[in-house]
Amino acid sequence: MKMYVDSWDPSYGTSFEPGSGEGPGSPSSAQVDTDVEVPASGWAPIEAPAGLRCPDVVLLVDGVRRNDAMLWTEEDDGTSYAGLAASYAAGVVRCDLGRGVAELADHRVGRGLFTASPSAQALSAGPVRYEIHRLGGAGEASKLPVAVQVPLTALEIEVSAAARSHGQDESDLLVVDGPLRSRRQLPRTIGYVKRQESQYLPAALNTVVTALRPGQRTPVFAIGTMWGGWSWYLRLPGAGGAPWAGIVRVECSSEMPAAQAVELADLSCATLPRFASAAYKDPRAPQNLLPIAGLERRLRALLGDSRVLYRALTTATAYAR
Amino acid sequence: MLGTADATPLQFWTAVAPGSYLQLDDVVVTKRELPDREPVTIAGVVTQVRARHEGAQFDSDVFAIADGTLPAQVQEAAEVTTTRVDPELYVPPAPGAVVSRASGEARAAALHFDRMERRVPMGTGRDGVPVFLNADFLDGTRGAHVSISGISGVATKTSFATFLLFSVFRSGQLGADGANARALIFNVKGEDLLFLDHPNTKLDERTVAAYKQLELDATAFPDVRVYAPPRAGDSSGAPDVASRLTGVDSFYWTLAEFCEKRLLPYVFADADDERQQYTMVVHSVAAHLARYAVPAEGGISLDGVRLGSYEDLVDHVVDRLTDDETRTTWAGSAVSMGTVNAFARRLISSKRDLSRLIRGDLAQRRPHQIKTAESAQVTVVDLHNLPDRAQRFVVGVTLKSEFEDKEKTGTSRPLLFVVLDELNKYAPREGSSPIKEVLLDIAERGRSLGVILIGAQQTASEVERRIVTNSAVRVVGRLDPAEASRPEYGFLPPAMRQRALLARPGTMFVNQPDIPVPLCVEFPFPAWATRKSESGPPPSGTMRSIVQGADPFAVVGSRGGSSDDDIPF
């Protein structure tokens, strides 16, 4: 038996989550077609084709969110609802590898007040405004953070579309942090899943995944769930030697033909290892890509200072009473 | 204006917008709006600029950024030191306020040029626009004296001093004072100051344009008289110069003058001489010479003996001092033999150095004295061939007589500028000597008498403190790193002190009393020759010295033949 230290900082969990009940060790219920690129019996690690260069322009999209304050409303009838004032931002990094320039191509910042209270209004706190996002149901405090994801995803789609509309480059590649989900209509886009929460492949094929060397990928397979699509595993360089270290799952829209998916898989093989982060710089290395880490830092800065916002919110609610 | 660094009324940081830049010494201006008051204009000079990657956490992130994988922004920021607040309301500029580069009148106001009634151009700033020196602090109105420091070779101290003189004489800012002013320049090293009146053949159009920008004509000094010591061992008294052949006069003192004016103490002008016992002997011998020496055919007659040279005089004096009968009359009664011997030993050793300067064999009528009042506008005294002791003697005696002449006339006009390099040799911080006394006198009283010292030295820390502190204008060229950290350069802000270590030739930092920040000045290449190889034809007036040089009775070098003795028709 060998032992390995997971390369992620313990506070971020691990790069796969067996504790959640559906780790890579536990099979997913999804329908998986493993015979898309090569028959399951012929599965072996695949290298990027020789001569394939990563595109000159790679766009990476990510969003960040922060809970600025928890609020409680007091309704006329005496009931009380939980509220969450959150700031969120999405942005696109445009990595022009040809010129050697990575820049923040576009970013949007949104702030929202998430509550189920029927009477709550948008909140103006100092110079910023928290738009009301009214939730249905009882609006338990524990469900509020999840609700922030909806406008954030919308914001991410907005900026990715906007970033594409600036650049007319037909060969660029858009990398979305996290599963594609509703973003699958974007062209030449791959979803990038850092954390393996469930295992899609049958146990026999998992040995192919763990046998991947840095820069290699598995053959493309299809996942048959609602948010499914073409998918493949890829190992990034720079992780320890643990079987699942440095493994990411990449996916692309099921709406494209399989051959195009294989093309994207090859392209990702040539592109993503270049962006892998170093362990001493990023607590989630190597899966947390370098541009994404930089983007998140910039976006967090754009969210504004949390202490200033908290003070503004406190003042605003006190005046409103 | 940055909000991430504290802004104070005297110093603040400004961010530099993408696509623009600020460099050190740029003049910037910003405004601060105040409630119920007129806005305050804050002007300053950039004293530091920095650039960094925002968004990078680790030093090695720069590789990822340059590779194009990590987004980051290059942000430049500049530190501004306030030079002027108008009206005088010391409030910090507000973060976010727009700071812009000042030009034209705003720049002049920021650097206080608008308050200067008479502005002497010193050169151009880093932005290529002229910078000025307030003439009030040069001519003694409110201050006087210039102290120039910098290591030799690259600091171009003498070049700056001569350019400053040129600017004073030619800019017309000092009015009649400028035109009538005189300059006395001691040439200590090489013969590079002997060609001030020769045009520079290497003068190019850029230099001419630089002079024009300062509203000066790129010409040589028009009116220069050069003195050199007589050639050693030459009985005709021809000047000892190698490269300059025309318009050079020799200077010397006759034995009669030596005795009458009591010049003997200047023979003993070493810094530590004053502490020695034998100074008593020096003064009593000088007094004895003054009382009993009788001029005789160029030489002197003493105790009935005719002395025709400095050697003769020294031998005579030593002879009388060693003689038991005459010793008390020469040296006083309470002097031990050891002290007399110490005196005699030093006196004898001075024979070699001074015999060519103190003469008994040359005609007294021949002009041989350095007198700026009767000389040209610029008087250059060449010392570079002289040994150390002789240099001290010439400097000490010349300055003493010039200063005494000024004291006698009692007016501060015409101004006399004295340029003296190696000031640390003549006025060292430690000890005292007759020359140091003269220089201190000039530093402390010269301002009211119109004697302005332009002193240059490698290390201001080794010059008598009272001379440095009396200088209104302080100039620094390239400095030695160890020297730059001394308190004498406290007027330089830290960033400027660092820059002084790598200042290029032709770049000086000038501190003047009414501008709180030293200004970085680039002065143009000299329009006059600084060596034989680049000198143009000599001015016609100097040719006279060739044809008349052999005539010991001619008034050599008197200007342009317009001597009063000439028949006016």
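Where a number appears in this text, it was derived from the coordinates with a stated rule and is not lab data. Everything quoted here is computed from the prediction, not taken from an experiment. Using ideal geometry, Cβ is built from the backbone for each residue, glycine included, and neighbour counts are taken over all protein chains shown.
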Tensor-based shape of the protein assembly as shown (alpha-carbon gyration tensor, a/c under 1.5 rounded, otherwise prolate or oblate): prolate
Proximal lysines to residue A:194, defined as alpha-carbon separation beneath 19 angstrom and excluding residues fewer than eight positions away on the same chain: A:281
All-pairs Cα distance distribution in the stretch B:253-359, expressed in whole percent, bin size 5 Å: 2, 13, 25, 28, 20, 9, 2, 0
Long-range HN-HN contacts of residue B:243 with modeled amide H, under 5 Å: none
Modelled FRET efficiency - R0 22 Å, residue B:38 with residue B:101, Cβ distances, 0.05 increments: 0.45
Sum of -39500 (n - 2.57) over DSSP H runs of 4+, divided by residues of the protein assembly as shown (222 nm, nearest 500): -8000 deg cm²/dmol
Cα-centre dipole for chain B with unit charges at Cβ (Lys and Arg positive, Asp and Glu negative), debye to 20: 220
Farthest toward positive dipole pole in chain B [+1 Lys/Arg, -1 Asp/Glu at C-beta], among B:432, B:81, B:391: B:391
Mean Cα-pair separation over length for chain A, i.e. relative contact order, pairs under 8 Å, 6 or more apart, %: 25
Diffusion constant of the stretch B:317-363 at 10 °C, which comes from Stokes-Einstein with the Kirkwood Cα-pair radius and 1.306 mPa s, µm²/s: 134
Among A:184, A:99, A:274: highest mean-square fluctuation, GNM of chain A, C-alpha pairs under 10 Å: A:99
Per-residue HN-Hα couplings for the stretch B:459-471 [Karplus 6.51, -1.76, 1.60; θ = phi - 60°; Hz; x = Gly/Pro]: 9, 5, 6, 9, 9, 3, 4, 5, 6, 5, 5, 7, 7
Separation of the residue B:17 and residue A:182 label points, Cα + 7 Å toward Cβ, nm: 3.9
At R0 = 60 Å, FRET efficiency that the Cβ-Cβ distance of residue B:202 and residue A:170 yields, to 0.05: 0.50
Difference of contour (0.36 nm per residue) and Cα-Cα distance, residue B:94 to residue B:445: 121.6 nm
C-alpha long axis of helix A:290-302 to longest principal axis of chain A, angle in °: 10
Percent of beta bridges antiparallel (DSSP, the protein assembly as shown, rounded to nearest 5): 70
Derived scalar couplings ³J(HN,Hα) [the stretch B:230-239; Karplus, 6.51 cos²θ - 1.76 cosθ + 1.60; whole Hz; x for Gly, Pro]: x, 4, 5, x, 9, 6, 7, x, 5, x
Radius 11 Å from Cβ of residue B:458, net charge of other residues (Lys, Arg +1; Asp, Glu -1): -2
When the convex hull of its Cα atoms is projected in every direction, mean area for the stretch B:11-111 (nm²): 7.7
GNM top mover of A:150, A:159, A:208 - chain A, alpha-carbon springs below 10 Å: A:150
For residue B:535, distant residues with modelled amide H under 5 Å away: B:201
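Which FRET efficiency value, to the nearest 0.05, do you get for residue B:260 and residue B:24 by plugging their Cβ-Cβ distance into 1/(1 + (r/R0)^6) with R0 = 41 Å? Write out the running numbers ahead of the final one.
On the way: r = 57 Å, r/R0 = 1.39.
The value I calculate is 0.10.
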Charge context of residue A:191, other residues only, Cβ under 10 angstrom, K/R +1, D/E -1: +2
Helix A:306-320 vs. chain A, principal-axis angle (Cα, 0 to 90°, nearest 10): 30
Whole-angstrom Cα spans of chain A along principal axes, big to small: 68, 45, 39
Net length gained if the chain between residue B:504 and residue B:348 were fully extended (0.36 nm per residue, minus Cα distance): 51.6 nm
Gyration tensor (alpha-carbon) shape descriptor, the stretch B:187-275, a/c threshold 1.5: prolate
Compactness index (Cα Rg / 2.2 N^0.38 Å), the stretch B:381-479: 1.04
DSSP bridge orientation in chain B - percent antiparallel, rounded to nearest 5: 65
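Taking the Cβ of residue B:529 as the centre, find all other residues whose Cβ is under 10 Å away and add up their charges (Lys, Arg: +1; Asp, Glu: -1).
+1
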Distant-in-sequence amide H partners of residue B:183 (H built 1.01 Å from N, under 5 Å): B:378, B:379, B:417
Per residue Cα convex hull volume in Å³ - calculated over chain B: 196
Which of A:227, B:253 has the fewest Cβ neighbours within 10 Å, and the rest in rising order: A:227, B:253
Positive-end residue, the protein assembly as shown charge dipole about Cα centroid, Cβ charges, pick of A:60, B:362, A:247: B:362
Among B:491, B:350, A:38 - extreme Cα towards positive end, dipole of the protein assembly as shown, charges at beta-carbon: B:350
Label-point separation in nm, residue B:277 to residue A:207, each point 7 Å along Cα→Cβ: 11.0
Modelled label reach - residue B:534, point 7 Å along Cα→Cβ, the stretch B:441-463 residues with backbone N closer than 16 Å: none
Virtual spin-label span in nm between residue A:79 and residue B:482, 7 Å along Cα→Cβ: 8.6
Per-residue average of Cβ from other chains inside 10 Å of A:289-297: 5
With Cα atoms, 0 to 90° folded angle of helix A:258-275 axis to chain A main axis: 80
Gap separating the Cα centres of the stretch A:302-321 and the stretch A:245-296, nearest whole Å: 38
Dipole magnitude of the protein assembly as shown about its Cα centre (Cβ charges: Lys, Arg +1; Asp, Glu -1), debye to nearest 20: 340
Rg [Å, one decimal], Dmax [Å, integer] - the stretch B:95-213, C-alpha atoms: 16.8, 57
Links that overshoot a 24 Å alpha carbon limit, given the list B:189/B:212; B:157/B:189; B:189/B:371; B:261/B:406; B:157/B:351; B:351/B:532: B:189/B:212; B:157/B:351; B:351/B:532
